[in-house]
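Inspection log for the structure reproduced underneath, given as C-alpha cells.
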Amino acid sequence: MFQYWFMFPVAIVVASLATGSGFGGGILFFPIFIYLLNLSVPEAVGTGMITELFGMTTAMIFYTRQKQVEFEIAFPMIIISFPGLLAGLYIIQVVNPAFPKIFFGLLVMLCALWMLASLREHRVNTRSHILIEEFIPYAWVPFIGGVSSGASSVGTAETILPIMERCLKVEVHRAIATTVVVEGAVGWVATSINIWEGQIRWEIAFFTAAGVIMGGTLGPLLSRYIDTKFLKLLFSFFVIMAGMHMICKNIGYFF
C-alpha cells in the first residue's frame, strides 16, 4: 500500500502549480503515470480522472453555492459531452497505445501555447446569463472535449473554457465555474465507468487524491506571493516538455 507514498508530495507540487496557474493537474499527471509509474494508458486515464475528481467536486459545490454557474448552457454541454466521453474510453481500448500518447502530447502543447498567448491579452468580459441559442453554433465543442477526456483524461475544460471566454464573452469567474461543473459531471461518469472496468490503481490514487486536496489549498495561497504570470510560464514550460517527450517517444511506432 505504501509503495507509492512518494506520489503524495508529487501531487501536492503538481496541484499547487496547477491551481495557482489555471491549468488542470491532469496535464502533468498523465505523463507521470505513464513514464514514472509505467501504467497502461487506460490505467493512467482512470487514475488521473479520480485524482482530479476530488478537487473538482469541491470546486463544483463552491461555485454552485456562489451562483456563478451558467446552468442554461452547462446542462446541454454535459449531455453532449457524454457520447464523446464514451467514444474516447472505447478508443483507448482498441487503438495502438502510441496514438493516444501522441494525441495527448499535441493537446497539452496546444493548451500551454494558448495559456502563454493569453498572458499578453487584456480582455474584460462582463456577460452573464447566456442563452442556449447563443451556444448552438459551438455545440460540437463539448463532444470533442469528451472524446479527448475519455482518451487522455484532459480536454473538457481545455476546449470549453476558451469558447466561453473568447467566443461567448462570458465573465471569467462565471466561465470557470461553468467549466468546472461540466468537467466535474463528465469526470463522475468517466470514473464510474473506470471503476466498473477496473482501470483505477487505488494504491496510487490514495496518495495522489490526498496530495491534490492539500495542493488545491496551497495553490491559491502560492499565487498571492508569486506572480501568477511566472507560475503560468513555469507550468507551461513543464507541460511543453512533457508533450514533446511523449510525441518524440511514440512517433517512431508509426514509421
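Bear in mind these aren't lab numbers, they're just calculated from the coordinates by the rules spelled out. Remember, predicted model here, so these are calculated numbers, not experimental data. Methodologically, a virtual Cβ is constructed for each residue, glycine included, from the backbone with ideal geometry; neighbour enumeration extends over all protein chains shown.
A few points about this structure:
- Put in order of Cβ neighbour count within 10 Å, fewest first, the listed residues Glu158, Glu72, Glu133 become Glu133, Glu72, Glu158.
- Using just its DSSP H runs of length 4 or more, each adding -39500 (n - 2.57), the chain gives a mean residue ellipticity at 222 nm of -24500 deg cm²/dmol after division by all residues.
- Of the DSSP H helices in the chain, those with a Cα length along their own long axis of 24 Å or more and a mean Kyte-Doolittle hydropathy reaching -0.5 comprise 41-65, 71-94, 98-118, 172-197, 202-225, 228-250.
- Counting beta carbons within 10 Å around each of Leu131, Leu37, Leu85, Leu168 and listing the fewest first gives the order Leu131, Leu37, Leu168, Leu85.
- Ratio of the Cα radius of gyration of the chain to 2.2 N^0.38 Å, where N counts its residues: 0.95
- For the range 135-255, diffusion coefficient by Stokes-Einstein and Kirkwood Rh (Cα), 37 °C, 0.692 mPa s, µm²/s: 192 µm²/s
- Gained length - Ile61 relative to Phe75, 0.36 nm times residue gap less alpha-carbon distance: 3.5 nm
- For Lys67, a cut-off of 24 angstrom between C-alpha atoms picks up these lysines, skipping any fewer than 8 places away in its own chain: Lys169.
- Spin-label proximity, Tyr90 to the range 149-188 - amide N less than 14 Å from point 7 Å beyond Cα toward beta carbon: 150-151
- Share of alpha-carbon pairs per 10 Å distance bin for the range 83-204, given as whole %: 12, 39, 33, 14, 2
- Cut-off 18 Å, label 7 Å out along Cα→Cβ of Trp196, residues of the range 39-53 by amide N: 42-43, 45-47, 49-50
- Stretch gain in nm, segment Met241-Ile226, where the contour uses 0.36 nm per residue and the Cα spacing is subtracted: 3.2 nm
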